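The values are calculated or read from the model by the stated rules, or taken from the named source; none is laboratory data. Bear in mind the structure is a predicted one, so any value in this text is a computation, not a measurement. Cβ sites come from the backbone with ideal geometry, for glycine too, and all protein chains shown count toward neighbours. Just the protein is used for accessible areas: all its heavy atoms, side chains included, with ligands, DNA and RNA removed. Shrake-Rupley method; radii C 1.70, N 1.55, O 1.52, S 1.80 Å.
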Amino acid sequence: MKSYTSILLALLFTTATQAEASALKPTQKNTLTPLRVDQPVHRRVGMQEGQDLSRIAFQIHMPWASGPIELRFPEVLRSSMGYHFLDNYSSTIKPVNEWNGFPQWHKDETTGALRYDFKTPEGLRFRGTATPAPEEIRLEFTVVNETTQTVDRVEANCCLAFNDCPELAAKWHPENIFAVLDGTWQSFAAGTPTAKDIGRQPWFLSLRAEAVQTTPLPRVSPTWWMIDQHHTENLMGAVSRDGRHLVGYTWSVEPIGLMSNGGNPCLHTGMGDSPPISPGKSHTWWGKIYLLPNNPRELMKRYRADQKRWRGQKALLDGAP
């Protein structure tokens, strides 16, 4: 029979070994890190087109990736009042106001969720929330009209960028970027005209078939061009270089078109315009970043379930007194 001392030593050794193994095991959670801004970078004379300004953004760290992806939340905020925010310099776009302060992120240490709440000098309040889960990031964005006039529309354009994630940062490789084009989940490499046809690097815009008839957008701009194929779902995705992982991206309100800048590379699926917002009223968008094994069928299943749920949530809000 083993002595009490030997049994105790064996238990201590086993516990220590398990603790060491646990410490060496990589995290299996998706985690979020906010980009903090203490002193906003303002527009100034002599800046280059597209030069970075301060960003409202957070990074997503995934257990299977060696670097994070980033959501600019939003990249652009505009309304019928004008541009409230733009995180890169444009000589042709001047915001309604420059901000002396900047949105401050708050983190829930229990859930890992991030949130911020910020009021622009002109009286438009906006709130962003991102909550991590095992295979997704849940997004919510709300605008409250705290002005004295009705705002005809609000649009927040959010960019999901892969520059800092080696597994997804395949620049100028449209075969890694996917959407439901003409009813089929396929890569933008199938889009026409091709980059070779246009004579420059890929930067694609896809519209729904009915939107092509009424859009004021040109077929070819100095940066992007419109492909002949039409998306039939408000969903985009990126597949990792090894083909094992899939990042999907969607919002509850679709913009005029889906876009991917192949040099970033990035995904844009929303948010589309809000309806008019009266003084004191608000509008909410819901979104989702899916972090899955490369299984388009599972992605579509989750996407359709989320869109159905969001339509129900919107109906409830629209019916509220």
Q: Among the candidates 67, 82, single out the residue that is of a type in the set (Gly, Ala, Ser), modelled with pLDDT of 95 or more, closer than 26 Å to residue 116 by Cα and surrounded by fewer than 14 Cβ atoms within 10 Å (Cβ to Cβ).
A: 82
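Could you identify the single residue in 103, 95, 121 that is out of contact with any Pro (no Cβ under 6 Å at 6 or more places or on another chain) and closer than 20 Å to residue 33 by Cα? Walk me through how you get there before you give the answer.
Working: 95 fails: closer than 20 Å to residue 33 by Cα; 121 fails: closer than 20 Å to residue 33 by Cα.
The unique qualifying residue is 103.
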**Q.** Selection within the stretch 133-155 - of a type in the set (A, V, I, L, M, F, W, C) and more than 13 Å from the chain's Cα centre (by Cα)
**A.** 133, 143, 144, 151, 154
Q) Are any residues in the stretch 247-289 in contact with a Cys (Cβ under 8 Å, 6 or more places away or on another chain), of a type outside the set (A, V, I, L, M) and either in a strand (DSSP E or B) or surrounded by fewer than 20 Cβ atoms within 10 Å (Cβ to Cβ) (or both), and if so, which ones? A) 251, 260, 264, 266, 268, 287
Q | Spans of strands (runs of 3 or more DSSP E) in the stretch 50-132 with at least 2 residues under 14 Å from the mean Cα position of the chain (by Cα) and farther than 24 Å from residue 280 by Cα | A | 57-61, 69-79
(Q) I need the full set of residues from the stretch 171-214 which are open to solvent by 30 Å² or more (accessible area, probe 1.4 Å) and either at positive phi or hydroxyl-bearing (Ser, Thr, Tyr) (or both), in order please. (A) 172, 182, 183, 184, 192, 194, 199, 214
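Residue by residue, here is whether (1) touching a residue at least 40 places away in the same chain (Cβ under 8 Å); (2) under 22 Å from residue 166 (Cα atoms) holds:
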residue: 215; (1), (2): yes, no
residue: 222; (1), (2): no, no
residue: 226; (1), (2): no, no
residue: 229; (1), (2): yes, no
residue: 233; (1), (2): yes, no
residue: 256; (1), (2): yes, no
residue: 259; (1), (2): yes, yes
residue: 289; (1), (2): yes, yes
residue: 316; (1), (2): no, no
Q) What pairs can you find where one residue is in the stretch 264-278 and touching a residue at least 60 places away in the same chain (Cβ under 8 Å) and within 26 Å of residue 148 (Cβ to Cβ), the other is of a type in the set (Ser, Thr, Tyr) and surrounded by fewer than 24 Cβ atoms within 10 Å (Cβ to Cβ), and their Cβ atoms are less than 8 Å apart, with a gap of 6+ or different chains? A) 271/252; 276/150; 277/150; 278/150
Q. Within the stretch 205-246, can you find the residues that are assigned to a loop (DSSP other than H, G, I, E, B) and touching a Lys or Arg at 6+ places or on another chain (Cβ under 7 Å)?
A. 230
